[in-house]
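We did not get these values from a lab; they are worked out from the coordinates using the rules stated. Only a predicted model underlies this, so the values are computations on that prediction, with no experimental measurement involved. Quick reminder, even Gly has a Cβ in these numbers, built from the backbone with ideal geometry, and neighbours come from all protein chains shown.
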Amino acid sequence: LVLVVDFGAQYAQLIARRVREARVYSEIVPHTTPVADLVARRPKAIILSGGPSSVYADGAPGIDPAIFHAGVPVFGMCYGFQLMASGLGGEVAHTGAREYGRTPVTVSDPGTLLADVPAAHTVWMSHGDSVTRAPEGFSVLAATATTPVAAFERLDTRMAGVQWHPEVMHTEHGQRVLEHFLHQIAGCRQTWTMVNIVEEQIAGIVAQIGDDGRAICGLSGGVDSAVAAAIVQRAIGDRLTCVFVDHGLLRKGEAEQVERDFVAATGVDLHVVDAQKRFLDALAGVSDPEEKRKVIGREFIRVFEAAEAEVLGAAAAEGVKVAFLVQGTLYPDVVESGGGAGTSNIKSHHNVGGLPEDLEFELVEPLRTLFKDEVRLVGEQLGLPADIVWRQPFPGPGLGIRIIGEVTHDRLEILREADAIAREELTRAGLDRDIWQMPVVLLADVRSVGVQGDGRTYGHPVVIRPVTSEDAMTADWARLPYDVLERISTRITNEVAEVNRVTLDVTSKPPGTIEWE
Ligand code: XMP
């Protein structure tokens, strides 16, 4: 275990991921955690993350220097590097020389940390203060034009630091430097591999659910619920029941992916609830986006709870006392909600009609320690279909919020066809993993005049909205190659009779959102 101490910048999650890419398990802890608690977790190393730009700023978070005398290897990055320098008796000064962005660095003495790294390379910096003198016993490894001490190490106490951000993509050789610290300086063993992750998760689930517990899992068609279900299935076999609510708002082929391919790959016991008509009836006459979301959310909960009550009621009738609900919660959700990484609390379940009152209900969250990219790798390891494992994010309300106007059966059919063509061409161009999402939006209340064959047409426009993004909080419109756009446009207007115009959305987020509704 490596603990990443978070000083409030956005870098801690990225650092934790990079540590795991180095095959060492890591967790994030707030900087307010007492040193005694950090040490009690017996970490193999502690990493101090970046943070605010100055250790002198008002209210700048500090760290108890006892951390440097606990016998645990420490690596400081950026702000963490400065905390280390000042905490160990070195010197940090306002030199007035700020460095932001790509910065050339010169390695004077590679030592262990910078071994095999070119003497001149480029790193990503973001700091105002500089370390002007390294602490006693540390050797200085590198400098920049304005920062005399940009990296240091001390091997007997297993400590090192860099002024730059080795975790970001723009830093050359960043991962290598991090691995030198973890593997060579701190002596961490490389045990965090997909095989081990899967085995560890399975053992945890077996321990939690026991020999006779029953679990239920709702599948959405997305990667998280699919991987969560597949792991639990490995652990408890047919004591897991999956429920898939087909609300009719999925894209072409997605319901089949779940009902056929996912079941074939995992052997799970799947209950499919065909609720297409119910959702369409509930959506009739609704065109306001928030109202659509409300209706879809409400119907979903009702349908899922009815299915849940049926499955769990049957289990209770067989004398099963403890029932489990599987959820695909990911590590970033846990970190962001300020929770620890321990197992979750027992949930006293709400209004599930028809359940015996004394039935206990507990959450199982097998992905609680994993990042999204790890979830995909676990999915591959478990043999799930690539279409599910690599599926782009898709909103819960589905195509319901990609039809501008009322949602009807016919409009869904039109959009499903257009969307399938766009996705097919994106895949054919090999761009699936470069494009974060590519909604296709049907402007169902708009008509435009066109000409096709020898006749005038009066059809609907669709909008294609390819975007690149890291986390959906911000996004940029994707510059798809013209020939890909051309194929999408030609095929949609030829193959989907009701669509006679294809338009491209060239708005970033902000000011636009990714979805149109
Ligand atoms: P926006 O449109 O806000 O979308 O830029 C950001 C991300 O969230 C997805 N999204 C949703 N997901 N329920 C969901 O589960 C929703 O109501 C919803 N609305 C948007 C969207 O696809 C994008 O990935």
Report, in whole Å, the centroid distance computed from the Cα atoms of the stretch 229-291 and the stretch 430-458. 27
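Could you sort 480-493, 216-229, 164-177 so that the peptide with the highest average Cβ count within 10 Å comes first and the rest follow in order?
Details: 480-493: 16.6, 216-229: 23.7, 164-177: 20.0.
So the order, starting with the most tightly packed, is 216-229, 164-177, 480-493.
Just check the stretch 407-504 against the gyration tensor rule for me: Cα atoms, a ≥ b ≥ c as the square roots of the eigenvalues, rounded for a/c under 1.5, and otherwise prolate or oblate depending on whether a/b exceeds b/c.
Numbers: a/c = 2.14, a/b = 1.64, b/c = 1.31.
Prolate, since a/c reaches 1.5 and a/b exceeds b/c.
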Amide H within-cut-off set for LEU370, under 5 Å, with H built and near neighbours excluded: TYR331
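Sort the stretch 2-185 into rounded, prolate or oblate with this rule: let a ≥ b ≥ c be the square roots of the eigenvalues of the Cα gyration tensor; rounded if a/c is under 1.5, and if a/c is not under 1.5, prolate when a/b is larger than b/c, oblate otherwise. Don't jump to the answer; show the numbers that get you there.
Values: a/c = 1.36, a/b = 1.17, b/c = 1.17.
Rounded shape, in that the Cα axes give a/c under 1.5.
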Would you mind putting 378-390, 466-478, 75-87 in packing order, based on average other-beta-carbon counts within 10 Å, highest first? 75-87, 378-390, 466-478
So what does the Cα-only Debye profile of the stretch 194-389 read at q = 0.12, 0.15 Å⁻¹, as log10 I(q)/I(0), no solvent term? -0.62, -0.97
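Only bridges whose two residues both fall in the chain count here: according to DSSP, what percent of them are antiparallel, nearest 5? Could you put the intermediate results ahead of the total?
Working: 33 of 75 bridges.
Bridges in the chain are about 45 percent antiparallel.
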Find how many whole Å separate the alpha carbon centroid of the stretch 137-203 from the alpha carbon centroid of the stretch 1-65. 13
For the chain, what is the Kirkwood estimate of the hydrodynamic radius, computed as the reciprocal of the mean inverse distance between distinct Cα atoms, to one decimal in Å? 25.9
How high is the relative contact order of the chain, in percent, with contacts defined as C-alpha pairs under 8 Å that are six or more residues apart? 10
Quick one: Karplus J couplings for the stretch 397-412, per residue in order, coefficients 6.51, -1.76, 1.60, θ = phi - 60°, nearest Hz, x for Gly and Pro? x, x, 5, x, 9, 10, 10, 7, x, 5, 8, 10, 4, 5, 5, 4
Which residue, chosen from GLN201, GLY128, VAL451, occupies the Cα position most advanced towards the positive end of the dipole of the chain, where the dipole is computed from +1 (Lys, Arg) and -1 (Asp, Glu) charges on Cβ about the Cα centre? GLY128
Estimated FRET transfer efficiency when R0 is 30 angstrom, pair ASP274-ASP410 (beta carbons, to 0.05): 0.95
Simple label model, 7 Å out from Cα along Cβ direction - ARG456 to TRP477, nm: 3.0
14 Å reach of a label modelled at LYS509, 7 Å along Cα-to-Cβ, counting backbone N of the stretch 420-463: 435-441
